[in-house]
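K.L.:
Next up is a structure, given as structure tokens.
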Amino acid sequence: MFGGLNATRLLGGATGNELATWIIAISILASTILSMLAFLGVAQGLQMRVWKSQIEAKLRVLETYVDDVKEKAREKLRKAGVKDPDQVVRRTMDYFVIEPVSIEPTDITRRLERILRTEEERIEEIVRRAVEPGTSEVELKNVVTLLAIGNALNLLYKYIRHLLLLGLKTKNAMLVAQLWMMLPLYMRIAKAYHDASETIEKGLPIGDAAGPFAAYMLAKEFREIKPPEEIVKDTVYSIHEFEGRRVYIVRAKGPGSTVGRPGEAVEKLVEERLKEPLAAIITIDAALKFEGEDTGSIAEGSGVAMGDPGPEKIRIERIAVKHGIPLHAIAIKMGLEEAITTMKKEIVEGVSKAVGEAKNLILECCRPGDGVIVVGVGNTIGIGVQS
């Protein structure tokens, strides 16, 4: 009996050893094949096909975003009486701006300002020539912004497509891999712009209107001395009194979609229209928050709170240096998506906090009899002019 049991055990052991041998052999064979495929570049080719497929899927989504914004722009233009909206869309979708020469930095901000204003004036001229004569400025500004969103989405779509095709053409796996890794960020930006087009189409306030909204709220709380008056293109100022201080409130002219020219407005105010000593310039603007920060939270700082390429911001800085004026800033925190889509409740609450902070700053930094300029920086869509 015991002899039979030992034989069975030996047989089972032999079978187990054979199975283990086969598993090891198959593993070695598979590793050899995979190594050969990797050496020959086949594995890399398969991976590139996977990346290509996923990038192309996102490109199709991005293309629908572009087409959707184009259709929104066409519809707005049709309502404004444009007979051939396709021509206007075609001319503005690929409009580009060439940066000034930076190797010679002398006066670069003025050259950049001239280029940016040429862009602004040219797009407005194209739209103004196409629409009916009676079209309101508000509608015209909103159409221009809608076309600018379409332009940005169209450029993003072409850029991603360019990198994909270039990577495939040159068989550059690293380029395709980098594009694939950056794709979630690009699509997040694209979706934010697409969602913004719906808000702009309806003329609703966006998160970036927090600065002008804060200026509007301050104007309501202070005693008005002089009603709003346009001081430079698309920018208004009004004069108020608060606890013996004279407050000059500057912001873009609403409710159309525009950021105005706050830097030029402040410069003109200080140089031509102020009669009393100026104790401070306070700028209030939306600011991108870090992940983890609360939407609508505020922060105080020094300098000029303004997401400007340079020309408007430097005007305020230069005038402050010339006259020795302190520069105070209040930032209202929000994410990228929140900045360009319909204003959220948390941002409205942040505006109320910023108004309180601005009032405290005025009292602390200015003595009775002094003047202070408060600038509400941002896109003033949906925010009317105080009257």
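Read the figures in this text as sums done on the coordinates, not as results from a lab. The structure presented is a predicted model; accordingly, all values stated were derived computationally and were not measured. Glycine gets a Cβ as well: all are built from the backbone with ideal geometry, and neighbour counts include every protein chain shown.
K.L.:
Just the residues that are outside any helix (DSSP H, G or I) and either among the basic types (Lys, Arg) or in contact with a Ser or Thr (Cβ under 9 Å, 6 or more places away or on another chain) (or both), please, taken from segment 146-173.
P.N.:
Answer for segment 146-173, where residues must be outside any helix (DSSP H, G or I) and either among the basic types (Lys, Arg) or in contact with a Ser or Thr (Cβ under 9 Å, 6 or more places away or on another chain) (or both): just LYS171.
K.L.:
Are any of the residues in segment 87-98 in a loop (DSSP other than H, G, I, E, B) and under 23 Å from ARG315 (Cβ atoms)?
P.N.:
The answer is yes; a qualifying residue exists.
K.L.:
Could you list, ordered by first residue, the pairs with Cβ atoms under 7 Å in which the first is in segment 68-91 and within 12 Å of GLY150 (Cβ to Cβ) and the second is polar (S, T, N, Q), at least 6 apart or interchain?
P.N.:
Matching pairs, first to second residue: VAL69/SER197; LYS72/SER197.
K.L.:
Would it be correct to say that THR258 is β-branched (Val, Ile, Thr) and within 27 Å of LEU140 (Cα to Cα)?
P.N.:
So THR258 fits the description; yes.
K.L.:
Would you confirm, using the coordinates I've provided, whether GLY382 is more than 26 Å from THR109 (Cβ to Cβ) and outside any loop (DSSP other than H, G, I, E, B)?
P.N.:
When the stated conditions are applied, GLY382 does not pass them.
K.L.:
Still on this structure, I have one more. Test LEU327 against the criterion of being under 30 Å from ARG111 (Cβ atoms) and surrounded by fewer than 16 Cβ atoms within 10 Å (Cβ to Cβ), and give yes or no.
P.N.:
Judged against the criteria, LEU327 is not a match.
K.L.:
Look through segment 331-373, keep the residues that are under 23 Å from the mean Cα position of the chain (by Cα), touching a residue at least 60 places away in the same chain (Cβ under 8 Å) and not in a helix (DSSP H, G or I), and return whichever of them is farthest from GLU243 (Cα to Cα).
P.N.:
THR341
K.L.:
Output the residues belonging to segment 279-299 that are part of a strand (DSSP E or B) and touching a strand residue (DSSP E or B) at 6+ places or on another chain (Cβ under 6 Å).
P.N.:
Across segment 279-299, the qualifying residues are ALA279, ALA280, ILE281, ILE282, THR283, ILE284, ALA286, ALA287, ILE298, ALA299.
K.L.:
Evaluate segment 313-320: report whether one residue or more is in contact (Cβ under 8 Å) with a residue 12 or more places away in the chain, more than 27 Å from GLY244 (Cβ to Cβ) and in contact with a strand residue (DSSP E or B) (Cβ under 8 Å, 6 or more places away or on another chain).
P.N.:
yes
K.L.:
Looking only at residues in segment 266-282 that are in contact (Cβ under 8 Å) with a residue 40 or more places away in the chain and within 30 Å of LEU147 (Cβ to Cβ), which one is surrounded by the fewest Cβ atoms within 10 Å (Cβ to Cβ)?
P.N.:
The extreme case among them is GLU267.
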